[in-house]
1. Report, in degrees rounded to the nearest 10, the 0 to 90 angle that the Cα long axis of helix 102-122 makes with the longest principal axis of the chain.
2. Which of Glu110, Glu29, Glu131 moves most in a GNM of the chain, Cα contacts under 10 Å?
3. For the chain, modelled as a GNM with alpha-carbon contacts under 10 angstrom, which of Phe55, Phe12, Phe132 fluctuates the most?
4. For each pair in Lys34/Lys54; Lys54/Lys117; Lys34/Lys117; Lys7/Lys34; Lys7/Lys117; Lys44/Lys101, compute the distance between the two Cα atoms and list the pairs where it is over 22 Å.
5. Counting pairs of alpha carbon atoms under 8 Å apart in space and at least six apart in sequence, what relative contact order in percent does the chain give?
6. Once you list every other residue whose beta carbon is under 15 Å from the beta carbon of Leu97, what net charge do they have if Lys and Arg are +1 and Asp and Glu are -1?
7. For Ala89 paired with Asp48, estimate the spin-label separation in nm (one decimal), with each label point 7 Å from Cα along the Cα-to-Cβ line.
8. Would you mind counting up the charge near His11? Only other residues with Cβ under 12 Å from its Cβ, with Lys and Arg at +1 and Asp and Glu at -1.
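What follows draws every value from the coordinates through simple rules; no lab data is involved. These numbers were taken from a predicted model, which means no experiment stands behind them. Cβ placement follows ideal geometry from the backbone for every residue including glycine, while neighbour counts extend to all protein chains displayed.
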Amino acid sequence: MALYSEKVMDHFTHHRNVGVIENADGVGEVGNAKCGDIMKIYLKIDNDVITDVKFETFGCGSAIASSSMATEMIKGKPVSEALQLSNKAVAEALDGLPAHKLHCSVLAEEAIKAAVKDYYDRHGIAYDPSEFAEGSCAHCHE
C-alpha cells in the first residue's frame with residue numbers, strides 16, 4: 001500500500017488556490033515550529049459567501065495537500081458552512097492521511113477558522129467565541 005493516496009499526491013503536485021489575495025477580507029495563519037508546518041489562508045467574502053480563497057503553506061506534502069483540498073471545499077460556500085469544515089472531512093476528501101500526518105488536516109481546519117475570525121473581527125460581526133476555541137495539534141505538541 002502506498003503511503004499517500006492518489007488524491008494527496010494530486011493536491012500536492014497540482015495544488016489549487018495557492019497564492020495571496022491582496023486586500024483579503026480575512027486572513028488566518030496557524031502553525032507550530034515543532035512540526036514545521038505553517039499555513040496561511042486568505043478569504044474574499046461577498047454577501048457572506050467565500051468568493052475566493054488562497055493559501056500559502058510552508059510544510060510537508062500532506063500540509064500542502066490539506067491546504068489545497070480545504071480551499072477547494074470552502075470556495076463558493078457560505079461562511080457558516082466553511083466554519084463547519086472539520087479536519088476529518090479534509091482527510092476523508094484526500095482519501096486518508098497517514099496517522100502521523102493527520103495534524104496537517106487539523107492545521108487546515110484551524111487556518112480557515114482563524115481567517116473567518118479575522119473577517120468577523122475586521123467587520124465588527126458578532127460571533128460565539130467557542131466556535132474559535134484554540135485547537136490542539138497533538139502531534140505538534142509532543
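1. Once rounded, one gets 10 degrees.
2. Between Glu110, Glu29, Glu131, it is Glu131 that shows the largest mean-square fluctuation.
3. Phe132
4. Pairs exceeding the cut-off: Lys34/Lys54; Lys34/Lys117; Lys7/Lys34; Lys7/Lys117; Lys44/Lys101.
5. Dividing the mean separation by the residue count of the chain yields 28 percent.
6. Spelling it out: positives minus negatives among the neighbours equals -3.
7. That separation, rounded to one decimal, is 1.7 nm.
8. Net of charged neighbours comes to -2.
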